[in-house]
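This report refers to the structure that appears directly beneath it.
The values are calculated or read from the model by the stated rules, or taken from the named source; none is laboratory data. Since this is a predicted model, take the numbers as computed values, not measurements. Backbone-built Cβ (ideal geometry, glycine too); neighbour counts: all protein chains shown.
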Amino acid sequence: MKQGNLTEHLPPGKEKSKLKSKLEPKLTHGGRESLGVRKSTRPFSSKVSQHIVLKSKRAKGTWSLNHRKNQSKVTSMVYVYAARFNVHVYRFANVGNHIHLLVKATERKNLADYLRVLAGRIAITVSGARKHTKRIGKFWDTLCWSRLIKWGKEFHVVQRYVFANELEAIDKKFRAMVLKNPYLIPSSNSS
């Protein structure tokens, strides 16, 4: 007799979805995949780290997260709120229109509070929104996307990925500087 997947032999209906979720734990949450889907709890484990991405299509020009007025503020907020909510930041990349975080929290509530406050404060700081003024609308595209990351090879792959995003952001800034002032590049015939 052919052996199949455990989920093939589950009863139909709601029981199947409940049992399937226990057999196959969910590792990701948020992002575009969550649009139009019923709310569910964000997967959490205090023993593993999480890769988190916050994206905004509106983060352009003076609202860019990498704009000279915003970059240092965003970086300091990431680390200040991490210390406040007892969240360890292994790696952080500000790419301009999105942020990558590799973090680990000891409690679910600490991570939830960190994400809520960080996303809100960045949006307010970058957009300049104030109470009792004209509404600006949503800053972030969707819920922040997160994924549980196992220790070992998977952790190092994600760490390198976030680092590559840091380098990409630096490269974009350097290209923009060179376009404004081409004399920054040393000539090849100088002796």
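Within the bounds of segment 143-161, is there any residue that is among the β-branched types (Val, Ile, Thr), modelled with pLDDT of 75 or more, in a helix (DSSP H, G or I) and closer than 16 Å to Gln50 by Cα? Yes; the residues of segment 143-161 include at least one that is among the β-branched types (Val, Ile, Thr), modelled with pLDDT of 75 or more, in a helix (DSSP H, G or I) and closer than 16 Å to Gln50 by Cα. When Leu167 is tested against the conditions (1) at pLDDT 80 or above; (2) assigned to a helix (DSSP H, G or I); (3) surrounded by 12 or more Cβ atoms within 10 Å (Cβ to Cβ), the lone failure is (3).
May I ask you to list the residues in segment 91-100 that are in a loop (DSSP other than H, G, I, E, B) and either farther than 20 Å from Gly128 by Cβ or free of Cβ contacts under 8 Å to residues at least 12 places away in the same chain (or both)?
Across segment 91-100, the qualifying residue is only Val95.
Once segment 91-113 is narrowed to residues that are over 12 Å from the mean Cα position of the chain (by Cα) and not small (Gly, Ala, Ser), the residue that is surrounded by the fewest Cβ atoms within 10 Å (Cβ to Cβ) is Lys109. Just one of (1) modelled with pLDDT under 75; (2) in a strand (DSSP E or B); (3) not β-branched (Val, Ile, Thr) fails for Lys22. It is (2). Set side by side, the residues Val95, Val80, Val87, Val48 differ, and just one is touching a strand residue (DSSP E or B) at 6+ places or on another chain (Cβ under 8 Å), under 17 Å from Ala119 (Cα atoms) and at pLDDT 85 or above, which is Val87. Using the structure shown, decide if Arg130 is within 23 Å of Val80 (Cβ to Cβ), without any contact (Cβ under 8 Å) to a residue 24 or more places away in the chain and not in a helix (DSSP H, G or I). Taking the combined requirement at face value, the residue satisfies it. Candidates are the residues of segment 125-139 that are under 18 Å from the mean Cα position of the chain (by Cα), closer than 13 Å to Arg58 by Cβ and surrounded by 14 or more Cβ atoms within 10 Å (Cβ to Cβ); the one that is modelled with the lowest pLDDT is Phe139.
Pick from segment 49-90 the residues that are in a loop (DSSP other than H, G, I, E, B) and of a type in the set (Ser, Thr, Tyr): which of them is surrounded by the most Cβ atoms within 10 Å (Cβ to Cβ)? Among those that are in a loop (DSSP other than H, G, I, E, B) and of a type in the set (Ser, Thr, Tyr), it is Ser56.
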